[in-house]
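Student: I'd like to ask some things about the structure below.
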Amino acid sequence: MQPSTASRRDFLRTAGVFGTAAFLSGALPGEWLFAQAPTPDAIRARMGGIAIQTTKLADGVTLFAGPGGNVVVLQSPAGKIVVDGFVKPAWPALKAALDALDGSPIKSLIDTHWHFDHADNNANFRAAGASVIAHENTGKRLREPHDMAGLHFDPVPTAELPTQTFGPGLTLNATVEQVRLTYVAPAHTDTDIFVHFPKANVLHMGDVFFNGLYPFIDASTGGHINGMIDGVSAALTLTNATTKVVPGHGPLGDVKALRAFGEMMTGVRDKVRALKASGKSLADVQAAKPSAEFDGAWGKGGMAPDDFVALVYNTVK
């Protein structure tokens with residue numbers, strides 16, 4: 001029997017895990033998710049029907065947005081390097097969009113972290129002849145079962161695992177660009193990386209950055225609010241006034257948007273931490289509305305303010 005909407009929400013708030021709605025970042029309303037008691041495949045099917053939107057970031061660098069986490073593509077004579085890959089049902093549309101850029105093959109896929117709306121198409125990229133590159137923790141997490149936000153994820157088949165993993169960092173020497181992959185200390189998860197295109201001045205932050213949305217923090221695989229804030233600080237050292245900053249979810253950002261994201265998280269974290277340190281329960285902290293000044297700008301996505309406060313409360317250190 002499925003738990004009631006109320007009891008499931010209570011569990012999620014207590015556990016600090018509110019994965020489903022935040023994974024989708026507004027692609028599906030939280031109310032639909034809980035009312036329908038979705039499965040991962042149901043979420044994939046709904047997300048997979050979202051149209052892909054294309055934005056040129058620089059010569060030979062393109063952003064695809066829509067059915068999953070934001071995707072960035074670098075074109076080079078040796079083949080395309082792709083960052084993240086949407087959900088499985090979006091593969092035909094994504095492959096068509098990649099082929100439409102030029103006639104070169106897909107050389108590599110980079111997973112920014114382990115979550116299914118970013119790494120779901122690993123097998124399809126491998127079947128298309130691409131290598132799949134990820135942090136070593138992504139390989140570890142994909143080999144494990146996970147129960148999160150009422151959803152169960154089995155270990156992925158071998159064909160969906162990365163073909164190459166790395167530790168602190170890795171540089172891919174593409175013909176037109178040195179693509180720099182940098183591990184981020186646990187933030188959204190313990191598998192996060194930044195993908196930096198220095199020549200194009202583009203930084204893909206994965207889900208360490210949600211633009212205009214309260215972020216999901218996956219406490220079940222090592223994420224916490226301090227790590228998210230530290231991740232923003234680390235990203236700011238790689239950026240300047242003209243950097244195009246790609247979030248995992250939400251519209252294309254810049255340094256101003258990234259700073260605003262960090263200020264929001266710091267403001268909410270500091271208020272929640274002080275209330276928690278004074279002995280307040282989660283319910284008491286939520287009733288105090290520590291995110292109120294930010295709700296108008298950040299609370300319109302899949303993550304409701306009270307649920308973001310719960311994530312902060314349960315992961316603050």
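Student: Taking PRO251, is it assigned to a loop (DSSP other than H, G, I, E, B), under 30 Å from ASN240 (Cβ atoms) and at pLDDT 95 or above? Steps first, answer last, please.
Tutor: Numbers: assigned to a loop (DSSP other than H, G, I, E, B): yes; under 30 Å from ASN240 (Cβ atoms): yes; at pLDDT 95 or above: yes.
When the stated conditions are applied, PRO251 passes them.
Student: Which residue out of MET228, MET264 is crowded, with 24+ Cβ neighbours inside 10 Å and in a helix (DSSP H, G or I)?
Tutor: Working: MET264 fails: crowded, with 24+ Cβ neighbours inside 10 Å.
Answer to the selection: MET228.
Student: Just one of (1) surrounded by 19 or more Cβ atoms within 10 Å (Cβ to Cβ); (2) within 13 Å of HIS113 (Cα to Cα); (3) in contact with a strand residue (DSSP E or B) (Cβ under 9 Å, 6 or more places away or on another chain) trips up GLY222, so point out which.
Tutor: Every listed condition holds for GLY222 apart from (3).
Student: Now for a separate question. Residue by residue through the range 32-91, note down the ones that are polar (S, T, N, Q) and more than 15 Å from the chain's Cα centre (by Cα).
Tutor: Going residue by residue through the range 32-91, those that are polar (S, T, N, Q) are 36, 39, 53-55, 62, 70, 75-76.
GLN36, THR39, GLN53, THR54, THR55, THR62, GLN75, SER76 - these are the residues of the range 32-91 that are polar (S, T, N, Q) and more than 15 Å from the chain's Cα centre (by Cα).
Student: Contact list please: Cβ distance under 7 Å, first residue in the range 104-120 and farther than 29 Å from LEU151 by Cα, second residue at pLDDT 95 or above and in a helix (DSSP H, G or I), pairs at least six apart or on different chains.
Tutor: Taking only residues 6 or more apart or on different chains, the pairs are ILE106/LEU98; ILE106/PHE125.
Student: Kindly indicate the residue of the range 300-309 that is surrounded by 18 or more Cβ atoms within 10 Å (Cβ to Cβ) and either touching a residue at least 60 places away in the same chain (Cβ under 8 Å) or touching a Gly at 6+ places or on another chain (Cβ under 6 Å) (or both) and also nearest to ILE225 (Cα to Cα) among those meeting that condition. Give the derivation first.
Tutor: First, the residues of the range 300-309 that are surrounded by 18 or more Cβ atoms within 10 Å (Cβ to Cβ): 301-309.
Keeping just the survivors that are either touching a residue at least 60 places away in the same chain (Cβ under 8 Å) or touching a Gly at 6+ places or on another chain (Cβ under 6 Å) (or both) gives 301-308.
Details: GLY301: 18, GLY302: 18, MET303: 15, ALA304: 16, PRO305: 15, ASP306: 15, ASP307: 13, PHE308: 10 Å.
Ranking the candidates gives PHE308 first.
Student: Run down ILE133, ILE193 and say which single residue is touching a residue at least 12 places away in the same chain (Cβ under 8 Å) and over 15 Å from the mean Cα position of the chain (by Cα). Talk me through it step by step, then tell me what you get.
Tutor: Numbers: ILE193 fails: over 15 Å from the mean Cα position of the chain (by Cα).
Sole residue among the options that is touching a residue at least 12 places away in the same chain (Cβ under 8 Å) and over 15 Å from the mean Cα position of the chain (by Cα): ILE133.
Student: Take the residues of the range 123-143 that are under 22 Å from SER220 (Cα atoms) and not basic (Lys, Arg): which is surrounded by the fewest Cβ atoms within 10 Å (Cβ to Cβ)?
Tutor: So in the range 123-143, the residues under 22 Å from SER220 (Cα atoms) come out as 134-143.
If we keep only those that are not basic (Lys, Arg) as well, we get 134-139, 142.
Working: ALA134: 29, HIS135: 29, GLU136: 14, ASN137: 21, THR138: 29, GLY139: 20, LEU142: 23.
For the range 123-143, the residue satisfying everything is GLU136.
Student: In the range 100-114, what residues are surrounded by fewer than 24 Cβ atoms within 10 Å (Cβ to Cβ) and of a type in the set (S, T, N, Q)? Give the steps one after another, and end with the answer.
Tutor: Pass one, the range 100-114, residues surrounded by fewer than 24 Cβ atoms within 10 Å (Cβ to Cβ): 100-108.
Selection gives SER104, SER108.
Student: Which of the helices (runs of 4 or more DSSP H) found entirely inside the range 80-184 contain at least 2 residues meeting this: farther than 23 Å from VAL202 by Cβ?
Tutor: Details: elements: 91-101, 116-119, 122-127, 136-142.
It comes to 91-101, 122-127, 136-142.
Student: Could you tell me how many of the residues in the range 203-225 are within 9 Å of the chain's Cα centre (by Cα) and part of a strand (DSSP E or B)?
Tutor: 1
Student: Just to be sure before I move on: is GLY301 closer than 20 Å to ALA219 by Cα and either among the basic types (Lys, Arg) or not in a helix (DSSP H, G or I) (or both) in the structure I sent?
Tutor: When the stated conditions are applied, GLY301 passes them.
Student: Here is a list: VAL184, VAL176. Which entry is over 16 Å from GLY85 (Cα atoms), surrounded by fewer than 19 Cβ atoms within 10 Å (Cβ to Cβ) and not acidic (Asp, Glu)? Give the derivation first.
Tutor: Numbers: VAL184 fails: surrounded by fewer than 19 Cβ atoms within 10 Å (Cβ to Cβ).
From the options VAL184, VAL176, the qualifying one is VAL176.
Student: Within the set of pairs 6 or more residues apart or between chains, which connect a residue that is farther than 23 Å from LEU172 by Cβ inside the range 77-91 to a residue that is of a type in the set (Phe, Trp, Tyr) with Cβ atoms less than 8 Å apart?
Tutor: VAL87/PHE116
Student: What are the pairs with Cβ atoms under 6 angstrom where one residue, in the range 37-56, is in contact (Cβ under 8 Å) with a residue 60 or more places away in the chain and within 24 Å of PRO251 (Cβ to Cβ) and the other, located anywhere, is outside any loop (DSSP other than H, G, I, E, B) and hydrophobic (A, V, I, L, M, F, W, C)? Sequence gap at least six, or different chains.
Tutor: If the second residue must be outside any loop (DSSP other than H, G, I, E, B) and hydrophobic (A, V, I, L, M, F, W, C), the pairs left are THR55/LEU63.
Student: Given the structure, is VAL71 on the phi < 0 side of the Ramachandran plot, in a strand (DSSP E or B) and without any contact (Cβ under 8 Å) to a residue 40 or more places away in the chain? Spell out the reasoning first.
Tutor: Values: on the phi < 0 side of the Ramachandran plot: yes; in a strand (DSSP E or B): yes; without any contact (Cβ under 8 Å) to a residue 40 or more places away in the chain: yes.
Against the criterion (on the phi < 0 side of the Ramachandran plot, in a strand (DSSP E or B) and without any contact (Cβ under 8 Å) to a residue 40 or more places away in the chain), VAL71 qualifies.
Student: A further question on this structure: For the list (1) of a type outside the set (Lys, Arg); (2) touching a Gly at 6+ places or on another chain (Cβ under 9 Å); (3) part of a helix (DSSP H, G or I), I need the number of the one condition that VAL195 fails.
Tutor: (3)
Student: Given the criterion touching a Lys or Arg at 6+ places or on another chain (Cβ under 7 Å), farther than 21 Å from THR266 by Cα and in contact (Cβ under 8 Å) with a residue 24 or more places away in the chain, identify the matching residue among GLY167, GLY150, GLY139.
Tutor: Numbers: GLY167 fails: touching a Lys or Arg at 6+ places or on another chain (Cβ under 7 Å); GLY139 fails: touching a Lys or Arg at 6+ places or on another chain (Cβ under 7 Å).
From the options GLY167, GLY150, GLY139, the qualifying one is GLY150.
The values are calculated or read from the model by the stated rules, or taken from the named source; none is laboratory data. The shown structure was predicted, so the numbers you read here are calculated from the model rather than taken from an experiment. Positions of Cβ are generated from backbone atoms using ideal geometry, with glycine treated the same way; all protein chains shown enter the neighbour counts.
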